[in-house]
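Working notes, structure below.
The values are calculated or read from the model by the stated rules, or taken from the named source; none is laboratory data. Worth saying up front: this structure is predicted, and the values here are computed from it rather than measured. Note that each Cβ is placed from the backbone with ideal geometry, even for glycine, and that neighbours are counted across all protein chains shown. When the accessible area is computed, the model is the full protein with side chains, heavy atoms only, and any ligands, DNA or RNA have been set aside. Shrake-Rupley method; radii C 1.70, N 1.55, O 1.52, S 1.80 Å.
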Amino acid sequence: MRSRRYRPRGWAGAACVTALTLAATLTPQAGVLADEDDGADCSVPAPGQTSEALLPDPFTKLDGTRISTTSEWRCRRAEIKELAESSVYGQKPAPPDSVTGTVSGSGITVNVTDQGRSTSFSADVDLPSGSGPFPAVVVLGGLGADTQTITSSGAAVIGFDPYAVGEEGTSRNSKQGAFYDVYGSSSGTGLLMAWSWGISRIIDVVEQSDGSILRADGTGVTGCSRFGKGAFVAGAFDQRIDLTMPVESGTAGVPALRSVAQEDGAQPLSSAYSEQPWLGDAFSSYTGNPAALPVDTHEIVGMVAPRGLLVMENPHVDWLGATSGSVAALGGREVYRALGAEDNISYISDVQDGTHCATRSEWKGPMRQSIERFLLDSGSAPGEFRISPSESGDLSAWRNWQTPNLTGDGGDPGDGGDPGDGGSGTCTADF
Ligand code: MCU
């Protein structure tokens, strides 16, 4: 399905925007549909070899110049996307030739055909009380997800079993699941990106439905632990996702790769690469040399900007690398700042309970507020950074760049001026 192209009202190409009005202008709003990838037309030059011990500058383009306007972010983001796919996660294919399916009050079916190969999978739906249509939060894998807070906030839960799309427990040359049915069992694309692709195809089906049950213009995603890694990647690689809420995602999730490689007790890069084929095959070149990575996860955070992002971390379990989670969130917040949307990113790790993937009282309020703001278009974003003092990263130690004052240039950062809009998986944690 390659059709349908509404775009976020917030990005629409009005006349000149001033710095003061940027926050309001760049904030996506529920009620309007975006593209899965609004930078698909950007030309991305081949990258050279790099070595950078610190976090790469999100604002410096591959040609060596820095962006200076908000509208330039769109194609800079496309560069980051390409680098992230080629070095970290593996390629996310362009939207397939055909996606069909059904939406009911209890489930979604998805049928995909691309390049002559077909597959199917399904997801569960749990509606909140009241009358729809409802926005929805895709919950990956069920583990630790606070579905009660989601439904009581007025959003449906789409229960997505990531393993239907990308199985764990396979070797890298015999990957299994719906994604690999289409793109081949020796695809270099890792499970996190395969899961992200599955969520994008669910959104395709919701978009094509008559809209009487679920609204396609209010979609969130969440998951804990390995499913937090998946939620983070899903939100970064589909701009139709209005709210991304990764929980305790650990190495290969939010934590900055360069930083987590040095963080005491955190899962090493080589361990995350080999535990499951979560990351793309190409990441093998970097497990022992993260300085050679052309990107880091603060830029993946930046790919989510200016959309809603609520990062939740657990500072009590060293393996989860929460200090590096804060480094990535602080670094990525600079992209939100540059786009005038700082309030749209929140980070909360000052939590009491050390149990991995516990349902936490400290997160309920910010989750509810985020769902209301980004999926129901009411109230205001939490805009909070509550970092546990015990796991607080120091961004200044990790960067040698400063955040530019991007100027609004009257263009549309979304598209160059088109005024077009007005099952649950299981896993065991062994640490
Ligand atoms: C934090 O996510 C993972 C972690 O990367 C693994 O090393 C561990 O085995 O499992 C965690 C998880 O998904 O726990 C449910």
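In table form, for the structure just shown:
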| item | result |
| --- | --- |
| ³J(HN,Hα), Karplus 6.51/-1.76/1.60, whole Hz, each residue of region 257-262, x for Gly, Pro | 5, 5, 7, 5, 5, 10 |
| Efficiency of FRET from Cβ geometry, SER361 and GLU384, R₀ 25 Å, rounded to 0.05 | 0.95 |
| Sites LYS61 and ALA291, calculated FRET efficiency, Cβ-Cβ separation with R0 30 Å, nearest 0.05 | 0.90 |
| Carbon plus sulfur fraction of accessible area for the chain, probe 1.4 Å, in percent | 48 percent |
| Per residue accessible area in Å² of the chain, where ligands, DNA and RNA are left out and the probe is 1.4 Å | 34 Å² |
| Pairs of lysines in the chain (C-alpha under 29 Å apart; 8 or more residues apart or interchain) | 10 |
| Distance (nanometres) between label positions extended 7 Å along Cα→Cβ at GLU52 and THR113 | 4.4 nm |
| ³J(HN,Hα) computed for each position of region 212-223 - Karplus, 6.51 cos²θ - 1.76 cosθ + 1.60, integer Hz, glycine/proline x | 7, 10, 10, 8, 7, 9, x, 10, x, 8, 8, x |
| As computed over the chain, the Cα convex hull volume per residue (Å³) | 122 Å³ |
